[in-house]
Each structure stands twice: as structure tokens, then as C-alpha cells.
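Presented below is the structure to which this report refers.
The values are calculated or read from the model by the stated rules, or taken from the named source; none is laboratory data. Everything quoted here is computed from the prediction, not taken from an experiment. Here the Cβ is made from the backbone with ideal geometry for all residues, glycine too, and neighbour counts use every protein chain on show.
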Amino acid sequence: MHMIFFDMNGVILRWPVPIGTTINAQYYKKVLQDKLRPAIRKKRPGLLESGILFHHDNAPVHTARAVTDVLAGYKWELLEHPHYSPDLAPCDFHLFPKMKEHLRGQRFETEEDIIQATKRLVCKHSPQQVEIQGLATHQCVSII
């Protein structure tokens, strides 16, 4: 499993979740603090200071107090996600189907092989082929 964070300019962070890891509020909070925030600082200089508009769905891990407290502490504006509204989950409609389409039928020997295949896939497609949130990625950013 991978956690993918992106904006209109492309992928900011693709984080492979280790096999057997449960994504709970503490794990998600740690990824936000230790992985996503530094990735934003590195790949989108000035964005943390100008303000983050953050969107994720209403999964319990996203709405847990530990996570909402961290986001509030960062002063990131959180877009509300209406309950039972999958039409606002752009990954489900734009990113994941394209990835599945290209990875379908392949066999991988190791987790690292999967990571490299997804990394190549994100970097290989032109803006016209892979759209994220209806906006084409304009460049392949360095992920992980």
C-alpha cells in the first residue's frame, strides 16, 4: 500500500507503507509530521508559509483527534468532505485506475520491485495521460 499526497503541480510524497503495518491515527499523524511536512518544505518552498488547503476523506484515521490536532497546529485549512461522497476523492477516479491499468497482470518478486514500478509509472506518463484531480501533472517530481 502507498500513501500519495499531491497538489495541482503533481506528487509531493509517495510513501510506501511497510507490509503488515496498520494505518491508524498515530501512524498517519507520524507520516504527516515526519514525511509530508518535510516533503512540502523541500518540493514546494514557501507553501507552508503561504498556507495549505488540505483535503482527505472522512475515514476514521483522518478524523481522529490526534490527526485533527496536528493539522490545526500547523494551521492547515481543512476542506470538509461530505459524508458518503466518493465523487470528491480524486485519487479513486484519476490516479488509481490508471495505475491499476498499467500494473494489472504483472508479478513482482519484492516490495522494492512494486515501489519502483509505481515510481516509473508516475514519472512516465505525459500530462495528457495521467490527470490528478482533473488537473494534469506538469512535471515528474522526485518522489521519496
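General observations
- If the condition is being outside any helix (DSSP H, G or I) and either farther than 23 Å from LYS119 by Cα or touching a residue at least 40 places away in the same chain (Cβ under 8 Å) (or both), then region 19-43 contributes ILE19, ASN24.
- Residue match in region 122-134 (condition: modelled with pLDDT under 75 and in a strand (DSSP E or B)): yes
- Scan of region 44-76 for residues that are in a strand (DSSP E or B) and surrounded by fewer than 12 Cβ atoms within 10 Å (Cβ to Cβ), ordered by number: LEU53
- Filter pass, ASP113 being out of contact with any Asp or Glu (no Cβ under 8 Å at 6 or more places or on another chain) and modelled with pLDDT of 85 or more: yes
- Pick from region 37-67, criterion among the small types (Gly, Ala, Ser) and touching a helix residue (DSSP H, G or I) at 6+ places or on another chain (Cβ under 6 Å), ranking: nearest to LEU79 (Cα to Cα): ALA64
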